[in-house]
Amino acid sequence: MAIVEVSGLRKAYGGRTVVDGVSFAVEEGEIFGILGPNGAGKTTTVECVEGLRVPDAGTVRVAGLDPAADHDRVTQLLGAQLQESELQPKLTVREALELYASFYPHPADWRPLAARLGLTTQLTKRFAKLSGGQKQRLFIALALIGDPRVVVLDELTTGLDPRARRDTWSLIEEVRDSGVTVLLVTHFMEEAHRLCDRIAVIDKGRVAALDSPAGLISRSAASTVISFTPSHPLDDPELAALPEAVSVETQGGRVVINGTDTTVNAVITLLARHRITARQLRVTEATLDDAFLDLTGTAPATESATEPAAPAAPAEPATDAADRKTAPATDRERV
């Protein structure tokens, strides 16, 4: 059953369309990923899901509710970690967790959440004194503190070291296993491959593909990569004639061939025919990076500021902050 439904979503800024007819449905209990090049419209799409932006056309529903028209009700069941967020500089980690917990009738216990995210030793530290990684972990905790049915995570592990990133992945898997639906925007291919049940690739404001990670990889023009260093040079025409070979390159005497299983068999036959030994032979499957490149023509990269900032609230006193329950106090969203 779909808990998030997006249909024909369109959004433009200053006459420039950044989301052009995006449609997808997120099933309850899954981790649904959104990938795309810089400026593809990923963040604008999830901002419409969060109710931070109002679509120009199309519909968005979260558990049957309109995030814009039913904002208060949606904030009780949806948590969000924005791509860029800020809190009041003098607010301590403990104060932030207690404040956000007070927004919800049945919040999660912030103490074990803080422990799982490595924040226990930072509870008395002011926000302004936190490192980038510590701030990111705090925002993830704030997104989860309302015990939401759906959580939107936009570049959740940016700024985290490899160990902290993998610990966060384990936490998100635990969150999903507890029944929470996760909508994940990321540019880390390894992250998407490990976490996501399905992925929508958005390019130029449209959905270029929607499938499981394995399904996207199977669409890659070259599903297998063969690399080796031959004991004797091979003729270029023979390499070029290999069946189902998408590309053949020679790099410092090492041959790299993108093809299929059929290409692998042909390479072995060719080497045997010429009695050539293949040193350091490697046969690997295509990756999500390869599929992404085939679908978009660009390598994955972090977002750049290519759209006007979303309306940002000024720094708020604690008594007014409840109006911003879906996200930390001040934010600047990007495409």
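The values are calculated or read from the model by the stated rules, or taken from the named source; none is laboratory data. It should be emphasised that the depicted structure is a prediction, and the values quoted were computed from it without experimental measurement. Positions of Cβ are generated from backbone atoms using ideal geometry, with glycine treated the same way; all protein chains shown enter the neighbour counts.
Key figures for this structure:
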item: Restricting the stretch 237-253 to residues that are out of contact with any strand residue (DSSP E or B) (no Cβ under 8 Å at 6 or more places or on another chain) and modelled with pLDDT under 90, the residue that is farthest from residue 263 (Cα to Cα); result: 252
item: Test for residue 214: is it in contact (Cβ under 8 Å) with a residue 60 or more places away in the chain, aliphatic (A, V, I, L, M) and closer than 29 Å to residue 9 by Cα; result: no
item: Breaking point among (1) touching a helix residue (DSSP H, G or I) at 6+ places or on another chain (Cβ under 6 Å); (2) under 30 Å from residue 291 (Cβ atoms); (3) among the aromatic types (Phe, Trp, Tyr), for residue 24; result: (1)
item: Those strands (runs of 3 or more DSSP E) lying entirely in the stretch 135-234 with at least 2 residues under 25 Å from residue 44 (Cβ atoms); result: 150-154, 181-185, 198-203, 206-211
item: Of residues in the stretch 158-181 being of a type in the set (Ser, Thr, Tyr) and surrounded by fewer than 24 Cβ atoms within 10 Å (Cβ to Cβ), the one farthest from residue 86 (Cα to Cα); result: 178
item: Test: residue 23 is of a type in the set (Gly, Ala, Ser) and at pLDDT 95 or above; result: yes
item: Residue tally, condition under 25 Å from residue 27 (Cβ atoms) and out of contact with any Gly (no Cβ under 9 Å at 6 or more places or on another chain), over the stretch 130-152; result: 1
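The rows are residues; the columns are (1) at pLDDT 95 or above; (2) within 24 Å of the chain's Cα centre (by Cα).
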{"residue": "7", "(1), (2)": "yes, yes"}
{"residue": "27", "(1), (2)": "yes, yes"}
{"residue": "81", "(1), (2)": "no, yes"}
{"residue": "85", "(1), (2)": "no, yes"}
{"residue": "97", "(1), (2)": "yes, no"}
